[in-house]
């Protein structure tokens, strides 16, 4: 029987279910089934409690998330993807950070709100959905009112997302790839396209299109798509999916900041920056399909 390092009796049933999914772990689509309560680690290499790299206002996010006080980011170490071009590889792959308790996460959220951050932005949260939900529930009882943001690589289990309903105000998933072979080569996740699309459908089902009030996002879905060189991301296919199966009002950030880093030099097709025309073609297609371009 899984015995978490916190007393869950006072938490809601969804929180308790999320914690139980950590042992054996089925929180994410990898279904490693390790016993994280006993210190075992799966693909993400994080055991039972969160490892946090940094906490603080971030002014480099999308303008609808930032505002005058910044987006209140909590960067979690570890990741359930193995992206060879990861720009945060020291956090995601090398797991730089220190372990935090639920109480410490709760206090961190309240401190960010007190610093007038626009939201609480959980960066790379998928493998820590249980502790995050517990901390959000605790923080709300203590006065947390600003929106919560689930800033994910998009490799998420629908069952886990359903349990997160009500804890998350803004889902911000990546949609990285449309092709399974590319997803396997670059992120060690050959089932990424189908998993990702099912997850985005569930996110939109829960909270709908992005709602912005006075220049700041309050609730809804905001998709991030990083343009890769040589059309490897399948950008047109992803945009068509959003327009045809999610909503023509979907908010999307077509991201142009790809750069070869970490182990990208081992993969000739992504060992360069995207050209301006490659990026512009994706943006034009998104506009032609009626999507809402952010940034």
Packing-based ranking, highest mean first, of 269-275, 63-69, 198-204 given that Cβ atoms within 10 Å are counted: 198-204, 63-69, 269-275
Compute the convex hull volume of the Cα atoms of segment 187-249, divide it by the residue count, and report the result per residue in Å³ as a whole number. 105
What is the distance in Å between the Cα centres of segment 21-57 and segment 190-215? 23
Percent relative contact order for segment 221-295, counting Cα pairs under 8 Å at least six residues apart, stands at 43
Starting from the Cα of residue 288, step 7 Å along the direction of its Cβ; do the same at residue 181; then give the gap between the two resulting points in nm. 2.5
Difference of contour (0.36 nm per residue) and Cα-Cα distance, residue 101 to residue 140: 12.4 nm
Evaluated at 10 °C and 1.306 mPa s, the Stokes-Einstein D of the chain based on the Kirkwood radius over Cα pairs, in µm²/s, stands at 82
Taking the chain and dividing mean pair separation by its residue count, relative contact order in percent (alpha carbons under 8 Å, at least six apart): 15
Cα gyration tensor shape of segment 6-127, rounded if a/c is under 1.5, else prolate or oblate by comparing a/b with b/c: oblate
Using the 10 angstrom Cβ neighbour count as an exposure proxy, how do 216, 242 rank, fewest first? 216, 242
Rounded to the nearest 0.05, FRET efficiency between residue 38 and residue 162 (Cβ-Cβ, R0 25 Å) equals 0.40
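Here, each number is a calculation from the coordinates, and none is a lab measurement. Computed from a predicted model, the values in this text were never measured in an experiment. Virtual Cβ from ideal backbone geometry, glycine too; neighbours counted across all protein chains shown.
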